[in-house]
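Encoded as structure tokens, the structure appears first; notes follow it.
Each reported figure results from applying straightforward, stated rules to the coordinates on display, with no laboratory input. These figures come from a predicted structure and were not determined experimentally. Cβ sites come from the backbone with ideal geometry, for glycine too, and all protein chains shown count toward neighbours.
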Amino acid sequence: MDFQNAVEIKDLTKKYDGFTLDNISFNVPKGSIMGFIGQNGAGKTTTIRLMLNLIKKDSGSIKMLGMDNIKNEKEVKSLISAVFDELPFHEVLNADQLSVIMAGLFDQWDKNTYFNYLDRFSLPRKKQFGDFSKGMKMKLQIAAALSHGARLLIMDEATTGLDPVVRNEILDIFLEYLQDENNSILLSSHITTDLEKIADSVTFIDKGNILLSGNKDEIVESHGVIKCTNSQYKDIDPNDIISARLTDFGAEVMINNRQKSGKKYSGLTIDNTTLEEIMLFYVRRKTKEWK
Amino acid sequence: MMKQLIYKDWLLSRKTTTIAMIYCTLVAVIFLLIRISANCGNLSSDPMFLASLKRNMYMMRYVPCALFFLVLVDNGSISKDLNCGWTRMCRTTAVSTETVVASKLLYNVIVITAAIVPVTIYTIALSIADGSSITFNIIKNIATTYFFSLIISSVYTLFSFILQKQYLVQLIILTFIGIAGAVLTIHLFIKIDELSAEANPDFDLFDFLRTEYAEPLSNIFPIMIIVVLVTFALCFFASVKILKRREMP
């Protein structure tokens, strides 16, 4: 497969009453895992639905695995797997029956791989899905998603609502999946700690606009938080500030060019930051100051 | 692909479909036993009962036929699919919308075909118990019922794709059947009134029902085949179009 990016989104637009996904562009490099982050209602799910052609785009282009997602829909969809936050299988079915059904949906369905995942996740084969816990349901979805040779895994808030043990187990599976350099993952989530652990790159979306997209480590390293007094805060150039949290004891200021700011504000300490903090400060970028 | 989708639908509705089939079979067997008893059992000594039974033969023949529409009642797998996210999941795979819709229509055909078998056996057994020969008319009646069920099931499928809610579809279908029943009843009363006005002493309600409704319906049996095919084609293309245009939540 001769392509550099597992996903290439260019100038994608979708308008709804009260919400616009506004001309967004980003890439998911092949062989990597990209975290797609943003608060609820930011446009993550809309983007994923557009990628899967579940909803119609207004303009723009989407390439997945080097192919147009609409012109080559069948080829694309035979090579991808989508996992949603809710189990899409009927609650009266069991894992054995699901294997028979999925074999009809995917030409490359590998029941041995599927049953291996079931054993690994300790999922019962005869128990109805209605009796599964949330964690079991998610594991089942992932087992099914990884059992037909998919080259791209699209996860929409799949780890949300799971306990840390299950989440870690699932993240380990993702890392294993990425051992094959032809495989890629787009992981949409607002749990940034998961992404911090495993993502190679991140795209941050807010109110239908892409605010940041690129290598995760570079993004985290280029940002920093200055903890200072209110008078020190007033001396910081507003152009360097993403936004600032004002407290009774002073201010926490997010800056985006850490190296440059380090020299410029040599008297102040710039702390390391996290994806969660970056998300938090970027969301309030328009108000600039918040408590 | 289609085979597995049909298998999934069977897994979803097997319990209720089986119960409906058992219910139909039981009613048919009870009717049949009454008829046999009327011919050669204790009830045969009661001339009034026998006379009443003969009058009700028509009903006896058709009540189980009507009951087998029960198999359609729970066939809400389309709304179940839409509500649980199965349809959306299918849209993320290489399975075409045409395959999804065709599997639903085909599943209905299979269920109705399976349901017509006990009805046919019952009707033939009833004819034998009644001492009458198995006429071409009986076969035509069964076939007409079968085709009529196919039409209802395909319309049911289409409405399920449009409305997504099973109870709404059932409400519409039942309303339609209710209106049709009301129109027929009014028509029946007018006719009976006309006949009574003629003071016909040999008037037999069920003979009347047969000649007035069942036989004309059986006579349009060849047309029914065309109607079934056209309805199926229309419902298939309309459902595919609806499903393709629908944006998945």
Filter segment A:213-226 for residues that are surrounded by fewer than 18 Cβ atoms within 10 Å (Cβ to Cβ) and touching a strand residue (DSSP E or B) at 6+ places or on another chain (Cβ under 8 Å) and give the result. A:G214, A:N215
Among residues of segment B:104-120, those that are touching a residue at least 60 places away in the same chain (Cβ under 8 Å) and either buried (at least 23 other Cβ atoms within 10 Å of the Cβ) or more than 14 Å from chain A (Cβ to nearest Cβ) (or both), counted: 9
Could you check A:F115 against (1) surrounded by fewer than 20 Cβ atoms within 10 Å (Cβ to Cβ); (2) part of a loop (DSSP other than H, G, I, E, B) and say which number it fails? (2)
All but one of (1) part of a loop (DSSP other than H, G, I, E, B); (2) within 14 Å of chain B (Cβ to nearest Cβ); (3) surrounded by fewer than 16 Cβ atoms within 10 Å (Cβ to Cβ) hold for A:G161, so report the exception by its number. (2)
Failed condition for A:L50, given (1) over 21 Å from A:L79 (Cα atoms); (2) buried (at least 17 other Cβ atoms within 10 Å of the Cβ); (3) under 18 Å from the mean Cα position of the chain (by Cα): (1)
Hits in segment A:40-52 (condition: farther than 12 Å from B:A94 by Cα and within 12 Å of another protein chain (Cβ to nearest Cβ)): A:T45, A:T46, A:I48, A:R49, A:L50, A:M51
How many of the residues making up segment A:77-86 are in a loop (DSSP other than H, G, I, E, B) and within 12 Å of A:E157 (Cα to Cα)? 3
Filter result (in contact with a Leu (Cβ under 7 Å, 6 or more places away or on another chain), more than 7 Å from every other protein chain (Cβ to nearest Cβ) and free of Cβ contacts under 8 Å to residues at least 24 places away in the same chain) within segment A:68-116: A:V76
Here's a check for you: in segment B:76-89, which residue that is within 7 Å of chain A (Cβ to nearest Cβ) and in a helix (DSSP H, G or I) is nearest to the chain's Cα centre (by Cα)? B:K80
Scanning segment B:1-38 residue by residue, the ones that are more than 18 Å from B:S79 (Cα to Cα) and more than 10 Å from chain A (Cβ to nearest Cβ) total 21
Hey, any hits in segment A:117-127 for a residue that's touching a helix residue (DSSP H, G or I) at 6+ places or on another chain (Cβ under 8 Å) and within 14 Å of chain B (Cβ to nearest Cβ)? yes
Let me confirm something: among A:L186, A:L175, A:L246, which residue is crowded, with 18+ Cβ neighbours inside 10 Å and of a type in the set (A, V, I, L, M)? A:L186
When every residue in segment A:12-35 that is among the aromatic types (F, W, Y) and more than 20 Å from A:M67 (Cβ to Cβ) is compared, the one nearest to the other protein chains (Cβ to nearest Cβ) is A:Y16
Among (1) of a type in the set (D, E, K, R); (2) within 22 Å of the chain's Cα centre (by Cα); (3) part of a helix (DSSP H, G or I) - the single one A:K74 does not satisfy: (2)
Check A:F129 against each of (1) over 29 Å from A:E8 (Cα atoms); (2) without any contact (Cβ under 8 Å) to a residue 40 or more places away in the chain and name the one condition it does not meet. (2)
Right, A:M64: under 19 Å from A:K10 (Cβ atoms), out of contact with any Gly (no Cβ under 8 Å at 6 or more places or on another chain) and within 12 Å of chain B (Cβ to nearest Cβ) or not? yes
